[in-house]
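Asks: Let me give you the structure first, and then I'll get to my questions.
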Amino acid sequence: MKRIVPIGPYHPLQEEPEFFKLIVEGEKVVDLEINIGYNHRGHEFISQTLTWDQVPFLVERICGICSDSHPYAYVLAVEDIAHITAPPRAQYIRTIIGELERIHSHYLWLGLAGHFIGYNTVWMWVWRYREPLLDLFELIMGNRNHYAINKIGGARRDILPEDYPKIREYLDLLEKKNAMFTNAILDDPVIRGRLENVGVLTKEDAIAYAVTGPTARGSGYACDVRKDDPYDAYDKVDWDEIVFEEGDVLAKAKVRLIECNESIKIVRQCLKNMPEGPIETRVDEIPSGEGIGRHEAPRGEVFHYVRSDGSNMPVRHKVRAPSYMNIASNVIAVKGYSIADAALVLAAVDPCYCCTDRTFVYENGKKKYSGQDLLKLSWEKTEKIKRRYKK
Amino acid sequence: MANPRLWGLKKSPWVFHVAAASCNNCDIEILDLLTPRWDIERFGIVLVGSPRHADALLVTGVLNRKNLPRVLRVYEQTPKPCLVIGIGTCTCHTHMFESSYNVVGPYDKYLPIDVYIPGCPPKPESMIMGVVKALKRL
Ligand code: SF4
């Protein structure tokens, strides 16, 4: 018999209220319906009422976790219209912040994934090492989140040479801890038991659903804007694209963990080769025309399209965020797995989420699983695997 | 001690987190409060899973057409008296989203908010301070 398990709109996996309808037969998930739009604030419309330099502050508030990615793609798009390039130092600064943001976002995901499988230790631990990174952001840009570093034609703030040692110190700490987390996750039979062969998204499906970022790279589909269409300092540093073939949640976790290492590498090289000079070029006028900007956000490719008519505001601004495609792939990834895995699989694509539980949802007067119940089921499964390994 | 029920709220308030259309940052900072550096559970502040168990609501983000009825429903489910704490500039007014077609307006048109904590996002320290101030007022 088919039953419906609604999750949301206030539910534990997504920060933004989103509504998932799991259609289940017994324990098994047979289908998924997605209903989004609770978080719609009309950024594209508001953007057309702001001036060129105000828009970065708006688009950075699309998503707090990718708050560098959207302005980054936007300024690349406007620079594309005006045919300007940022001075080298600004390019390096932007790259550094982009990579630091990737680390912070991946750690956030890792912590929450730990929470979903009932390993709150992982959550607390990982977030403990995320905290100094936020301090670094505050040191460089004056705010823990929403950094406002991108500016049309350059960067808004400089990274002072006296701050380099602090960044390096953090990277050293992080490198050690990242190795520790990687080993902990790959060696722990329970975590492996929960993540391996769960929520498999094959390469064909990944391409068919046009997923991007770690979701695609975990399915063996190599797509990374930083490699495919390098911008700023990404082609001046040496780093590898991380691709795993398996497509399960473990592969996605591995991609993210190892990517943090690559990010550390990139930041180190950028700091070492940081050119001297100005951090912005003067931009007097944006001519009419259209431009695109692409940036590899922690979750995948962010794409911005901007059209200008020569006035001081964009006439059209289109945003394409990675989670939109990635969330759709959940329909495939969650099919055939148990409800206990659903919480984890839905979270595996790293939609912008938070893990607080929200309301109960009643349907036809019957109480269904709430988000908390899903978490409990997930935790119970971990316990079961743990007991199996103890024997 | 005018009202014993209000006095009851003061000790170890349980909070429920309602994200309206927010940008996640306020929400992430709320989660940050649970992690080792801030660890608000020391003070007995616990994030709970249902509004029916909550003494205080932490609201973040702006209200839009689609989530307004849901947020109001969460508020109705919360046992009264309860505190409503608005976190972030989004809740103080409508932030940058004022001109949007989908944003229905500031919170105080719909919900009685007791404390506003401005900042985009407010730092965890100021969130703790806001909650403490709200409790002191009771
Ligand atoms: S106040 Fe700022 S950080 Fe908080 S939800 Fe609004 S835009 Fe995001």
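Asks: Quick test for you: out of A:R94, A:R89, A:R130, pick the one residue that is touching a residue at least 60 places away in the same chain (Cβ under 8 Å), of a type in the set (D, E, K, R) and touching a helix residue (DSSP H, G or I) at 6+ places or on another chain (Cβ under 8 Å).
Replies: A:R94
Asks: Identify the single condition in (1) away from chain B (no Cβ under 14 Å); (2) crowded, with 24+ Cβ neighbours inside 10 Å; (3) farther than 18 Å from A:N330 by Cβ that A:P87 does not satisfy, given that it satisfies every other one.
Replies: (2)
Asks: List pairs: first in segment A:36-65 and more than 10 Å from chain B (Cβ to nearest Cβ), second of a type in the set (S, T, N, Q) and open to solvent by 30 Å² or more (accessible area, probe 1.4 Å), Cβ under 7 Å, 6+ apart or cross-chain?
Replies: Pairs found: A:T51/A:N312; A:W52/A:N312.
Asks: Still on this structure: Please enumerate the residues belonging to segment A:143-161 that are open to solvent by 10 Å² or more (accessible area, probe 1.4 Å) and more than 24 Å from A:E79 (Cβ to Cβ).
Replies: Within segment A:143-161, A:L160, A:P161 qualify.
Asks: A further question follows. From the set of residues in segment B:120-138 that are free of Cβ contacts under 8 Å to residues at least 40 places away in the same chain and under 25 Å from B:N3 (Cβ atoms), which is nearest to the ligand (Cβ to nearest atom)?
Replies: B:M129
Table: residues versus (1) without any contact (Cβ under 8 Å) to a residue 24 or more places away in the chain; (2) more than 13 Å from chain A (Cβ to nearest Cβ); (3) part of a loop (DSSP other than H, G, I, E, B); (4) open to solvent by 40 Å² or more (accessible area, probe 1.4 Å).
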{"position": "B:R42", "(1), (2), (3), (4)": "yes, yes, no, yes"}
{"position": "B:G86", "(1), (2), (3), (4)": "no, yes, no, no"}
{"position": "B:T91", "(1), (2), (3), (4)": "no, yes, no, no"}
{"position": "B:Y101", "(1), (2), (3), (4)": "yes, no, yes, yes"}
{"position": "B:I113", "(1), (2), (3), (4)": "no, yes, yes, no"}
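Asks: Oh, and also: Hydrophobic (A, V, I, L, M, F, W, C) and near the ligand (Cβ under 10 Å from one of its atoms): does that describe B:I117?
Replies: yes
Asks: Next question. How about segment B:57-79: which of its residues are more than 13 Å from the ligand (Cβ to nearest atom), among the hydrophobic types (A, V, I, L, M, F, W, C) and open to solvent by less than 10 Å² (accessible area, probe 1.4 Å)?
Replies: B:L57, B:V71, B:V74
Asks: Got a sec? Which of B:S22, B:S50, B:S12 is within 16 Å of the ligand (Cβ to nearest atom) and modelled with pLDDT under 85?
Replies: B:S22
Yes or no, residue by residue, for (1) open to solvent by 50 Å² or more (accessible area, probe 1.4 Å); (2) part of a strand (DSSP E or B); (3) at pLDDT 85 or above; (4) touching a helix residue (DSSP H, G or I) at 6+ places or on another chain (Cβ under 9 Å):
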{"residue": "A:E296", "(1), (2), (3), (4)": "no, yes, yes, yes"}
{"residue": "A:H317", "(1), (2), (3), (4)": "no, yes, yes, yes"}
{"residue": "A:V331", "(1), (2), (3), (4)": "no, no, no, no"}
{"residue": "A:L344", "(1), (2), (3), (4)": "no, no, no, yes"}
{"residue": "A:C354", "(1), (2), (3), (4)": "no, no, no, yes"}
{"residue": "A:T359", "(1), (2), (3), (4)": "no, no, no, yes"}
{"residue": "A:K386", "(1), (2), (3), (4)": "yes, no, no, yes"}
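Asks: Can you name the residue in segment A:143-158 that is under 22 Å from the mean Cα position of the chain (by Cα) and outside any strand (DSSP E or B) and, of all such residues, is farthest from the ligand (Cβ to nearest atom)?
Replies: Selected residue: A:I149.
Asks: Separate question: Taking the condition of being within 20 Å of A:D172 (Cβ to Cβ) and open to solvent by 30 Å² or more (accessible area, probe 1.4 Å), how many residues in segment A:254-286 meet it?
Replies: 7
Asks: Among the residues that make up segment B:11-22, is at least one of them facing chain A (nearest Cβ under 8 Å), part of a loop (DSSP other than H, G, I, E, B) and in contact with a Leu (Cβ under 9 Å, 6 or more places away or on another chain)?
Replies: Taking every residue of segment B:11-22 in turn, at least one turns out to be facing chain A (nearest Cβ under 8 Å), part of a loop (DSSP other than H, G, I, E, B) and in contact with a Leu (Cβ under 9 Å, 6 or more places away or on another chain).
Asks: Could you please find all residues in segment A:184-242 being among the polar types (S, T, N, Q), out of contact with any strand residue (DSSP E or B) (no Cβ under 9 Å at 6 or more places or on another chain) and open to solvent by less than 50 Å² (accessible area, probe 1.4 Å)?
Replies: Once the filter is applied, which keeps residues that are among the polar types (S, T, N, Q), out of contact with any strand residue (DSSP E or B) (no Cβ under 9 Å at 6 or more places or on another chain) and open to solvent by less than 50 Å² (accessible area, probe 1.4 Å), segment A:184-242 yields only A:S219.
Asks: Quick one: B:C82 ticks every box in (1) open to solvent by 60 Å² or more (accessible area, probe 1.4 Å); (2) closer than 14 Å to B:L58 by Cβ except a single one, so which number is it?
Replies: Going through (1) open to solvent by 60 Å² or more (accessible area, probe 1.4 Å); (2) closer than 14 Å to B:L58 by Cβ one by one, B:C82 breaks only (1).
The values are calculated or read from the model by the stated rules, or taken from the named source; none is laboratory data. The structure presented is a predicted model; accordingly, all values stated were derived computationally and were not measured. Virtual Cβ from ideal backbone geometry, glycine too; neighbours counted across all protein chains shown. Just so you know, the surface numbers come from the protein's heavy atoms only, side chains and all, with ligands and any DNA or RNA stripped out. Shrake-Rupley method; radii C 1.70, N 1.55, O 1.52, S 1.80 Å.
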